[in-house]
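Taking it in order: structure first as structure tokens, then the write-up.
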């Protein structure tokens with residue numbers, strides 16, 4: 001298993017800004033993203049991957065999960081399991097833990113950042129939320145959609161920010177509705193309770209005020225995860241929604257927002 005190497009990641013990136021960073025700035029970023037903590041866990045559990053590694057990682061950071069509605073997980077796992085995204089890395093790990101342990105297999109739609117953790121690459125279907133997706137991403141996605149494997153997905157695509165004076169996802173993208181219908185997948189709504197630190201949202205607000213496009217606050221997400229060490233995360237699972245309910249009375253976009261509302265009403 002390879003370690004996370006932020007220096008190499010930055011040097012190999014397509015960002016001119018990142019490549020221009022001096023070495024001392026890269027060292028600071030490595031500390032902020034908890035590179036050494038990640039690598040210690042990756043090396044400790046180098047013989048584990050996928051769901052098994054997720055279970056070890058969750059125990060290692062001493063995260064307890066309190067689940068309401070576990071009986072709503074259907075016996076047939078060919079579903080889209082969709083959720084709000086308040087934390088970043090942590091809710092992705094918990095999401096995979098819950099669904100993967102129920103069905104024994106899983107594919108999680110995740111962005112490029114998750115691919116830097118070698119132990120979980122086998123269960124990640126890679127998508128880019130900040131740029132164009134190569135054709136091979138779409139080919140792999142469509143194979144997964146057509147399979148019998150459970151799929152976890154955060155339809156907002158980004159970590160929740162402040163929206164309408166609340167910490168919540170903004171609009172949900174409609175793709176999971178479209179693919180649920182075409183691949184006959186029911187949708188299981190799941191809600192995570194909690195939030196990140198004030199610092200995360202303060203940086204976001206400052207960025208909005210000064211119209212800074214670069215998502216600076218994202219580098220805090222590993223820190224946010226390790227700050228929750230020893231805490232209990234509450235999760236609610238709603239009843240499955242049959243794909244046939246997504247009829248022509250609403251657009252796919254509007255159905256996505258309706259499912260979003262179901263999640264926040266749990």
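Brief remarks on what is shown
- Among all positions in segment 87-107, there is at least one residue which is part of a strand (DSSP E or B) and touching a strand residue (DSSP E or B) at 6+ places or on another chain (Cβ under 7 Å).
- Subset tally (residues that are buried (at least 16 other Cβ atoms within 10 Å of the Cβ) and assigned to a helix (DSSP H, G or I)) for segment 182-198: 0
- Looking only at residues in segment 1-20 that are assigned to a loop (DSSP other than H, G, I, E, B) and modelled with pLDDT of 75 or more, the one that is farthest from the chain's Cα centre (by Cα) is 20.
- Residue in segment 43-76 that is surrounded by the fewest Cβ atoms within 10 Å (Cβ to Cβ), counting only those that are in contact with a helix residue (DSSP H, G or I) (Cβ under 6 Å, 6 or more places away or on another chain) and more than 30 Å from residue 239 (Cβ to Cβ): 60
- From 170, 213, residue being surrounded by fewer than 16 Cβ atoms within 10 Å (Cβ to Cβ) and either in contact (Cβ under 8 Å) with a residue 60 or more places away in the chain or in contact with a strand residue (DSSP E or B) (Cβ under 6 Å, 6 or more places away or on another chain) (or both): 170
- Restricting attention to segment 113-157 and to residues that are loosely packed, with under 13 Cβ neighbours inside 10 Å and within 20 Å of residue 58 (Cβ to Cβ), the residue that is modelled with the highest pLDDT turns out to be 122.
- Here residue 38 fulfils each of the conditions (1) in contact (Cβ under 8 Å) with a residue 12 or more places away in the chain; (2) outside any helix (DSSP H, G or I); (3) surrounded by 13 or more Cβ atoms within 10 Å (Cβ to Cβ) apart from (2).
The values are calculated or read from the model by the stated rules, or taken from the named source; none is laboratory data. Remember, it's a predicted structure, so these values are computed and weren't measured experimentally. Positions of Cβ are backbone-derived with ideal geometry, glycine not excepted, and every protein chain shown enters the neighbour counts.
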